[in-house]
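Each value in this text was obtained by applying a stated rule to the coordinates, not by laboratory testing. Remember, predicted model here, so these are calculated numbers, not experimental data. Positions of Cβ are backbone-derived with ideal geometry, glycine not excepted, and every protein chain shown enters the neighbour counts.
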Amino acid sequence: MSETMLKKHQCIPFLDTSKGGQTPSWARIDKSTIFSLNPGAQTENQDYICYEMPMTEVDHYEPELPQEIVMNEGNPMYDFIYEMFYNLPTGSDAVVPCLICFPGTGKQAWKIDQTTLVLGEMNTVDRKISFTLNLGGDITRGTYTVSTAGVPTFTPASGN
C-alpha cells in the first residue's frame, strides 16, 4: 500500500454566510494561517475497586477549531467575520452552520448546524481577526464534493 502525504489546503472549513437562509451559502475560511481542530475530549476518572489505579473514561467531546482571518476587505469570509465583530452577536445570533471537509480519498465531512462562533481579537498590526468555532450540538457525518467554482455539496451518510 502506498502512502499519500495529505496537505493543509485539503482540509477545508466552510461557514454558512446566508444568515439563516433556506439554502446554505457556503464560504470557505480561506485566508487563515492556522488550522488546529481539537476534538476536546471531556473525561472522567473512575476509581473501580477491581483496579489498583483509577481509569479515565471519555464522557463526551466538545470539538473546537480556532481560526483567524486576514483583514482583506472584499474577501467574503473577512467581510462576514468583520460584520460579526462589529455587531458583537450573542445567543443564537452567534450560531453559524459549519462544514468541515476532511482530506483523503473518502471525501468525509462533518456538518454542524449549531456551531457557535466566538470572536477573539482584532489585531491590526498583524492584520487578522481571530475567532473560535465551538462545534456544538450534533455532528452530521457524510461526504462532500466541491464544484470547480469552490462550492461544496454535502451528502449525509445513511443512518444520520
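Limited to the range 116-127, what total is found for residues that are closer than 25 Å to Lys7 by Cβ and touching a residue at least 24 places away in the same chain (Cβ under 8 Å)?
1
Can Tyr51 be described as surrounded by 11 or more Cβ atoms within 10 Å (Cβ to Cβ) and on the phi < 0 side of the Ramachandran plot?
Numbers: surrounded by 11 or more Cβ atoms within 10 Å (Cβ to Cβ): no; on the phi < 0 side of the Ramachandran plot: yes.
So Tyr51 does not fit the description; no.
Met71 - would you say it is over 25 Å from Phe154 (Cβ atoms) and surrounded by 16 or more Cβ atoms within 10 Å (Cβ to Cβ)?
Taking the combined requirement at face value, the residue satisfies it.
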